[in-house]
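Single-structure report; data block below.
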Amino acid sequence: MANYQTCKKCGAPLGGDDIAIFRKLVNRMAEEFFCIDCLADYFDCPREEIEKRIRWYRESGECTLFR
């Protein structure tokens, strides 16, 4: 069953950016998601890197996940 409410790792509430960046970077067809903090841990990078990518995708206007 799809879970669009909470992070599958830590249980934190999810927002639209959490879901969009997980689908963009991990699995376009995902039905369970990591929050931005857990996604940063997954990729072993700082949270700021994930946030920078979100801003870039949103500003580029080319990714339908960030409209």
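The values are calculated or read from the model by the stated rules, or taken from the named source; none is laboratory data. Not measured: the values here are computed from a predicted model. Here the Cβ positions follow ideal geometry from the backbone for every residue, glycine too, while neighbour counts run over all protein chains shown. Each accessible area value is taken on the protein alone, full model and side chains, heavy atoms only, with ligands, DNA and RNA left out. Shrake-Rupley method; radii C 1.70, N 1.55, O 1.52, S 1.80 Å.
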Requested in this report: Give me the percent of the accessible area of the chain that comes from carbon and sulfur atoms, probe 1.4 Å, all protein chains in place.
Outcome: 47
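Near residue 4, within a Cβ-to-Cβ distance under 10 Å, what is the net charge of the other residues, with Lys and Arg +1 and Asp and Glu -1? Mind showing how you got there, number by number?
On the way: positive: none; negative: 18, 31, 32.
Result for the neighbourhood of residue 4: -3.
Express in % the proportion of alpha carbon pairs of the chain at distances exceeding 13 Å. Provide the component values of the computation, followed by the final result.
Working: 1324 of 2211 pairs.
Counting pairs separated by more than 13 Å, the tail of P(r) holds 60 percent.
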Report task. Find out how many positive minus negative residues lie around residue 39, taking Lys and Arg as positive, Asp and Glu as negative, among other residues whose Cβ is under 14 Å from that of residue 39. Result -> -2
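Which value at 222 nm does the chain reach when only helices count, each DSSP H run of 4 or more adding -39,500 (n - 2.57), with the total divided by all residues and rounded to the nearest 500 deg cm²/dmol? Numbers along the way, then the final one.
Values: 3 runs with 32 residues, N = 67.
So the calculated ellipticity at 222 nm is -14500 deg cm²/dmol.
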Report task. Can you work out the accessible area per residue across the chain, with the rest of the protein chains kept in place, probe 1.4 Å, in square angstrom? Result -> 68
